[in-house]
Each structure stands twice: as structure tokens, then as C-alpha cells.
Amino acid sequence: MKTSKSLLLGLLMLVLFNVGYAQNKIPENITVFTPEEMNMMWKKFSSDKSWQVLQKEVDTKNFYRIANKEAAWGFKGTITDEKGVKSEVLFCVYDFLNPKNEKQGCSMVWSKVGEKSYKAYLVFPEGVTDLDKKFEASEEWYVDASNKIQKANSWGKCFRKCVQRGVPVPGVETEIGKDKSKIKVGDATLTVSCPGLCFASALSCSTLAAGTAIAIIGAGVATASTGGITLPVLIAAGGFGAAVLFTCTATGCGSCIFLCALGCVGE
């Protein structure tokens, strides 16, 4: 436990550096959803047949949606590249927990770029808190046009590479300088700053990992004999998902996080 606390304290220092380094980097014409709007989007998604198919499979793996506001993140808007190409975009991710195994996280993703949509769920490896290893070892499934579940390549692994420096992603990200990258999102290509510490600092949100005992809420967790799981406990155990990561990183790393999330759709 001492090791986990030391790691989180170190990461907190990194995120404070990043926030100062990359403030106000949310892309223009992009609106981040409020917690209430994320719940509204969830209700809307729940009436979609393909989303229902995904959710049913997530249910069979004993994952329950975490109702905390920190476990849902998303945005919508319009992106415009250097040539004036515009694309309407939407991205939402929700985290899940198996109340009998707080070491393993799961996330459901809904993304749309123009007319191209992608709906999938990811299952992360048990007990892994290193973000590089966590995304690299994740497994992912998406729902195809026939509402069949298929194994993905996947979005999670692509995102991991996109936000890292020195790891270009053919067809998605081209690194053009120390912290600069060109990221292809649908038919648009945009140049953004991707600081090297962004991904490494994701777990250092002070309100999530530095000791604040935020209780996990949700129907599945509430009915299980969990002994009272909190967000810090969940993070230390490794059972967090992508939404918690984005909640922590989006403010400091801005455009890199937003555009990598969109650019990796369907990859």
C-alpha cells in the first residue's frame, strides 16, 4: 500500500506540471458533457439495439455501471482542420466494476465521427495500474452492422500509442516535432500538442487518488458484499477504466486526449 501511495503522490506532481504546461487546450467548438448530460446520453444510448447487445454481454461478465460522476466522460461538437474540413463528433465512455473483483475494470465506448460510429466495450487486465501496460493488455469487442459482437483490433491500444511520444500510429497520428502531432479524425487532419507526460499523469487526480474516500455508487455494487469500495481503493487495486483516466487527463492534456480518442475509432 505504501508503494501505491508513493506512486500516486509522484503522479500528482506530474499532473500539476501538465496542467500548467497545457492549459485551455479543449478544442474549439467542443462541449464537454456535464454529469447530468452523461446520464441523459446513457438513457438515449440504452434505446439503441446495438448498444443493448453490448450491454447484455457486459452484464453476463458481471460488470455493473459505476454511477459516480467521475466514471463517465464525454463530449460533442464540430472539429475543423487546416483545410476547413468540418466533422461532427461525439464521444462517450462509461466505466464498470465487477463488485466481486475490484482489481478488474471495464468500459463501454460510444463514438461517432461524421456518419461513422463505433460502439465497443473494453476489459482491462486485473490489478494493473501502469497505464501503458493496462491499455496494451486490454481486450476489446465491438458490435458490427449486423448487431454481432466481434473482437476488435482495438481502439484502446490505438489510443495508448496515439497519446505517447515516440510511438506514431500509421493512418491516425504522425509526429512532427517534440510535442506536436498531426491526428486524422475522419476526413479531417489537425495539428495538436501531445505533451509526453499526459498519459503518465492520468491517475494523479487529487480528488480521485490522493486519499479522498469517494464511495462507489451503483445498483450492482450496492447490493454486493463489497465492504464499501471507494474510488481511491478502486484505483489502487487497478479496477478503474477509461472514463476515470479521461476525467483526470482531459483538463491538462486537452486536444491530444480529445483527438486521439476520436482518431482511433474503428482502428
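Read-outs: derived from the displayed coordinates by stated rules, not from any lab. Owing to the predicted nature of the structure, the values given are computational and were not obtained by experimental measurement. All Cβ positions, glycine included, derive from the backbone under ideal geometry; neighbour counts span all protein chains shown.
Could you tell me which of the pairs K133/K180; K119/K178; K83/K148 are separated by over 29 angstrom between their Cα atoms in the structure shown?
Values: K133/K180 24 Å; K119/K178 33 Å; K83/K148 37 Å.
Those over the limit are K119/K178; K83/K148.
Positive end of the dipole of the range 47-113 (Cβ unit charges, origin at the Cα centre): among I79, G105, L90, the Cα lying farthest that way belongs to G105. The orientation-averaged projected area of the convex hull spanned by the Cα atoms of the range 67-119 comes to 4.9 nm².
Placing +1 at every Lys and Arg Cβ and -1 at every Asp and Glu Cβ, with all other atoms neutral, what dipole size does the range 91-167 have around its Cα centre, in debye to the nearest 20?
Working: 13 positive and 10 negative charges, 37 e Å.
Computed about the Cα centre, the dipole is about 180 debye.
Stretching the chain fully between E139 and K49 yields a gain of 30.2 nm (0.36 nm per residue, less the alpha carbon separation).
Taking 0.36 nm per residue of sequence separation and subtracting the Cα-Cα distance, how much length would be gained by fully extending the chain between K86 and V167, in nm to one decimal?
26.5 nm
Legend: Rg and Dmax of the range 30-155, from Cα coordinates, 15.1, 51 Å.
Please identify the trypsin sites (Lys or Arg not before Pro) of the range 93-166 that satisfy two criteria: DSSP loop assignment and at most 12 other Cβ atoms within 10 Å. Which are they? Present the calculation step by step, with values, prior to reporting the outcome.
Values: sites: K100, K103, K112, K116, K119, K133, K134, K148, K151, K157, R160, K161, R165; in loops: K100, K148, R165.
Answer by residue number: K100, K148.
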